[in-house]
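To keep things clear, I will list the structure first and then write my remarks on it.
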Amino acid sequence: MMPDYKISIEIQPDSKQVDFIDKQLHQFNVNNIGDYQYTPLFLLLRDSEKKVVGGLEGFLGLGWFHIGTLWITENLRGYGYGKALVLAAEQEAVNRGCLNAYLFSYSFQAPKFYQHLGYEIFGELEDFPPGHSRYFLKKTLQKKP
């Protein structure tokens with residue numbers, strides 16, 4: 001006879017319980033693919049007064065580079081700073097052993113920008129959020145000669 005289990009919805013779960021669940025999944029993954037870690041990667045764009053006017057946040061792991069956030073202050077958009085940040089981050093990812101990159105972009109953000117940099121759409125969630133799409137893009141990274 002199976003014991004009686006109950007599902008509870010936790011609005012503010014205990015951090016120890018969240019850590020426990022995360023560690024259990026991590027251990028399952030390690031048992032299947034070996035030990036791995038994700039390493040953060042941050043690049044900042046600063047003006048002459050060292051004020052941050054843009055940046056890229058991502059992480060490296062399992063041979064992949066993930067771009068999580070790319071932002072350039074509005075008055076500097078269109079001048080190549082976003083491209084420069086992405087290319088510098090990709091090169092750093094290659095230097096650290098990554099072979100591929102991936103990201104998510106909403107239709108109202110920059111999927112065409114990333115496609116121009118060689119990323120290809122491999123998935124789309126329509127109406128996410130309603131009236132828009134969320135695109136999943138990837139790119140094979142190349143070492144500079």
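Which angle from 0 to 90°, rounded to the nearest 10, does the C-alpha axis of helix 15-33 make with the longest principal axis of the chain?
So the inclination is approximately 80 degrees.
Can you show me the helix-derived [θ] at 222 nm for the chain, built from DSSP H runs with n ≥ 4 at -39,500 (n - 2.57) apiece and divided by the number of residues, rounded to the nearest 500. Walk me through the numbers on the way to the answer.
On the way: 3 runs with 40 residues, N = 145.
Result for the chain: -9000 deg cm²/dmol, rounded to the nearest 500.
Taking neighbour Cβ counts within 10 Å as the exposure measure, how do 134, 46 sort from fewest upward?
Result, fewest neighbours first: 46, 134.
Place +1 on the Cβ of every Lys and Arg and -1 on the Cβ of every Asp and Glu in the chain, take the dipole about the Cα centre, and give the residue among 32, 93, 107 whose Cα lies farthest towards its positive end.
Going by the Cα projections, it comes out as 93.
For P(r) over Cα pairs in 10 Å bins from 0, in percent, one of (1) 13, 44, 31, 9, 2, 0; (2) 10, 36, 32, 16, 5, 0; (3) 10, 29, 30, 21, 8, 2, 0, 0 was computed from the structure I shared and the rest are decoys. Which label?
Label (3) holds the value from this structure.
How far, in degrees from 0 to 90, does helix 81-95 lean away from the longest principal axis of the Cα atoms of the chain, to the nearest 10?
With rounding to tens, the tilt is 60 degrees.
Values quoted throughout were computed directly from the atomic coordinates according to the rules given, and no laboratory measurement underlies them. Only a predicted model underlies this, so the values are computations on that prediction, with no experimental measurement involved. Neighbour counts are summed over all protein chains in view; Cβ atoms, including those assigned to glycine, are modelled from backbone coordinates with ideal geometry.
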